[in-house]
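All remarks here apply to the structure that follows.
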Amino acid sequence: MTLSLEPEVHADLATAIDDDAVRAELHRVVESARFRTSRRYPTLLCYIVETSLAGKSSELKERTIGVEVFHRDPAYDTNSDPVVRVTAAEVRKRLLQYYEDPVHRSGIRIALHSGSYVPHFITDEMVESPQPAVVADIEVVTVRRKQGRVWILTVMVCLLGVATLLALWGIPSSKHGTAVDRMWGPFLHRNQNVLICVGPMPMLHPASSPSSPTPGMALLDAVQHYNIVPLADAITLSRITSLMGAHGQGFHVLNAEISIFDALQAGPSVLIGALNNQWTMRLTSKLRFQFQDSPDISRIVDRDAKHQPEWAIYRAKQYSSLIQDYAVIARYEDPTTGKMVIIAGGIGPNGTLAAGDFLTSEENLTKLFSLAPKSWKGENIEAVIRTEVINGNSGPPSVVATEFW
């Protein structure tokens with residue numbers, strides 16, 4: 001017996017749906033939290049819906065979409081550049097997540113069936129009817145009572161298997177089970193290089209300067225103008241590039257002072273350093289945990305907290321005498337660039353070192369993921385970490401605050 005995963009069309013369920021009603025539902029979907037933080041997913045969804053409403057569903061082919069939506073060359077290789085397939089899979093997943101919430105059920109649903117770029121417009125009556133029900137990418141599975149409990153069990157196993165494959169979609173790694181792969185999956189085994197953006201040596205301030213001038217300070221002041229990378233950032237860079245090299249992933253490194261916005265829009269990026277990296281400061285300004293810098297104090301603030309926690313370094317204090325440092329680590333799809341970003345930036349150098357250690361440690365990442373709520377889909381994450389500073393050296397990092405969305 002063959003199990004069909006394609007929807008059956010029943011005449012008694014064929015309900016005419018007004019185009020304006022579909023467009024109204026499309027507007028609600030793309031304005032939802034699962035779509036509005038991206039440019040790519042709403043653009044694809046709007047294109048296929050409008051094309052279908054215009055009666056041109058036959059034109060919804062991978063290459064056509066690649067040219068019209070993603071501005072690829074008409075002769076581009078769809079095998080080496082799967083932008084349409086990857087984006088469509090993510091749209092399918094987000095539509096499923098959107099309609100899981102009863103508050104989003106407005107009478108009409110937009111569905112994108114697996115293996116097709118033609119959207120389907122479904123009424124709630126179709127979904128709730130005892131006739132075939134639409135279930136995410138699995139579409140419609142009809143289970144008849146006369147087939148007995150054995151058949152029901154078989155269907156449940158099939159559903160579980162497909163759901164598992166969907167959950168793993170978008171993590172292009174052969175080791176899906178490790179925490180490192182969960183964190184870095186969107187950055188590995190890609191056909192294009194990952195951008196790593198590193199900040200230059202910051203200008204000296206009292207918190208990082210010795211109490212009295214030394215013969216080496218004049219030399220240090222001079223080399224700062226040549227964008228020398230701080231030692232802590234260089235060590236973090238080494239850890240991250242070693243991880244990528246172990247997975248066969250290519251990368252290129254740019255100085256934050258010369259990195260241009262187009263480079264960040266070209267693909268996933270990793271930002272190292274905070275106060276000395278303009279792109280870390282810009283991108284984290286839209287996150288819950290963000291950096292604030294002033295002549296007297298540098299700190300990480302929580303935009304959602306009524307009483308700000310003390311995640312700060314006072315510049316009147318010698319850095320060598322500090323006993324703690326703090327950092328932000330994050331992995332998320334940035335709404336400004338439309339690309340995945342990983343951030344490893346500390347208030348001071350020990351914080352950046354701790355961030356690099358944390359992001360490349362299986363043990364640390366496992367602990368971080370264990371803090372996620374059960375409803376988390378494994379998409380975006382941000383955390384504040386703390387490290388004890390002992391004789392100028394970073395201790396083991398620990399998580400002090402998290403945000404999952």
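Each reported figure results from applying straightforward, stated rules to the coordinates on display, with no laboratory input. As the structure is a computational prediction, the values presented were derived from the model and not from experiment. When we count neighbours, we look across all protein chains shown, and the Cβ atoms used for this are built from the backbone with ideal geometry, even at glycine.
When the chain is fully extended, how far beyond the present Cα-Cα distance does Ile260 get from Glu59, taking 0.36 nm per residue of separation?
Roughly 68.8 nm would be gained on extension.
Measuring r between the beta carbons of Lys374 and Lys286 and using R0 = 35 Å, the FRET efficiency lands at 0.85. Place a label point 7 angstrom from the Cα of Ser114 along the Cα-to-Cβ direction, then list the residues of region 50-94 whose backbone nitrogen is under 14 Å away. Correct set: 89-90, 92-93. Each Lys or Arg adds one and each Asp or Glu takes one away; over the other residues whose Cβ falls under 14 Å from the Cβ of Cys197, this sums to -2. Using R0 = 35 Å, the C-beta based FRET efficiency linking Asp73 and Glu31 works out to 0.65. Full extension of the chain between Asn191 and Asp18 yields a length gain of 58.1 nm, computed as 0.36 nm times the residue separation minus the alpha carbon distance. Could you calculate the FRET efficiency of Ile390 with His252 from 1/(1 + (r/R0)^6), where r is the beta carbon distance between them and R0 is 35 Å, rounded to 0.05? It comes out at approximately 0.50.
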